[in-house]
Amino acid sequence: MKLVSNGIKGNFKLFHKEEEICEVIYTNWLKGSACTLVDGHKLELTPANLWTRKVKILKELQLIGDISYNPKGFMTINLFRRDQTPHSFYLKNSGIWKFKMELFDSDGHCILIMSSENKWTKLNYDFHIDILNSNLTINYNELVIYCGYAANLYLKMISAV
């Protein structure tokens, strides 16, 4: 899988084996709102407050989770199960010379790795995604979209400090 940045606003496309799955479009760049249509479902990512420390994840206008910035330097992605208990994931920057993020579940198992493919001609990052654990019952296209949005938000947060 691959996330390809295609605009200065933060928009990106998700590709799987050179086939475009969807495009995430930032509808309000200042606010940080984004939306996409993936697997026939409309996903919306909207900040819950002015400082975008917490972002609501909406699927067909139903709240299904949130993304939040942790002051310890990582992003938390909570996806709510049917009984409203959260399934938590942690997106951490693990790169030293290159920007690389790893997604862990609540048990500490690495699920996927997002390696940057930085090009000097672009202002944003492209990511190559390696899925390490495909045994989860989660839609991976959606999870990668949340990770791409969270990576953009992480870069925005650390550059503001």
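Being out of contact with any Asp or Glu (no Cβ under 8 Å at 6 or more places or on another chain), farther than 20 Å from SER5 by Cα, surrounded by 12 or more Cβ atoms within 10 Å (Cβ to Cβ) and of a type in the set (Ser, Thr, Tyr) is the requirement here; does SER68 meet it?
yes
Given the conditions (1) in a strand (DSSP E or B); (2) under 15 Å from the mean Cα position of the chain (by Cα), and given that THR52 satisfies all but one, which numbered condition is not satisfied?
Looking at each condition in turn, THR52 falls short on (1).
Whether any residue in the range 74-96 is surrounded by fewer than 16 Cβ atoms within 10 Å (Cβ to Cβ), basic (Lys, Arg) and free of Cβ contacts under 8 Å to residues at least 12 places away in the same chain is what I want to check.
yes
Counting just the residues of the range 6-53 that are in contact (Cβ under 8 Å) with a residue 24 or more places away in the chain and hydroxyl-bearing (Ser, Thr, Tyr), which one comes out nearest to VAL144 (Cα to Cα)?
Ranking the candidates gives THR36 first.
Limited to the range 129-139, what total is found for residues that are modelled with pLDDT of 90 or more and surrounded by 14 or more Cβ atoms within 10 Å (Cβ to Cβ)?
Total satisfying the criteria: 2.
Just to be sure I understand, how many residues within the range 46-90 are in contact with a helix residue (DSSP H, G or I) (Cβ under 6 Å, 6 or more places away or on another chain) and over 18 Å from ILE25 (Cα atoms)?
Matching residues across the range 46-90 total 3.
Return the residues of the range 6-32 that are of a type in the set (Phe, Trp, Tyr) and under 15 Å from the mean Cα position of the chain (by Cα); say none if nothing qualifies.
PHE12, PHE15, TYR26
Filter the range 1-57 for residues that are at pLDDT below 95, more than 21 Å from MET114 (Cα to Cα) and aliphatic (A, V, I, L, M) and give the result.
LEU30, ALA48, LEU50
If you scan the range 42-63, which residues turn out to be polar (S, T, N, Q) and surrounded by 14 or more Cβ atoms within 10 Å (Cβ to Cβ)?
Passing the criteria: THR46, THR52.
How about the range 1-49: which of its residues are of a type in the set (A, V, I, L, M), outside any strand (DSSP E or B) and closer than 26 Å to PRO71 by Cβ?
Correct list: LEU30, ALA48.
Please give the number of the condition MET114 fails out of (1) within 17 Å of HIS16 (Cβ to Cβ); (2) surrounded by fewer than 15 Cβ atoms within 10 Å (Cβ to Cβ); (3) touching a strand residue (DSSP E or B) at 6+ places or on another chain (Cβ under 8 Å).
In the conditions (1) within 17 Å of HIS16 (Cβ to Cβ); (2) surrounded by fewer than 15 Cβ atoms within 10 Å (Cβ to Cβ); (3) touching a strand residue (DSSP E or B) at 6+ places or on another chain (Cβ under 8 Å), MET114 misses (2) alone.
For the subset of the range 83-113 comprising residues that are of a type in the set (Val, Ile, Thr) and part of a strand (DSSP E or B), which member is farthest from LYS2 (Cα to Cα)?
ILE111
The values are calculated or read from the model by the stated rules, or taken from the named source; none is laboratory data. Please read all numbers here as calculations on a predicted model, not as lab measurements. All Cβ positions, glycine included, derive from the backbone under ideal geometry; neighbour counts span all protein chains shown.
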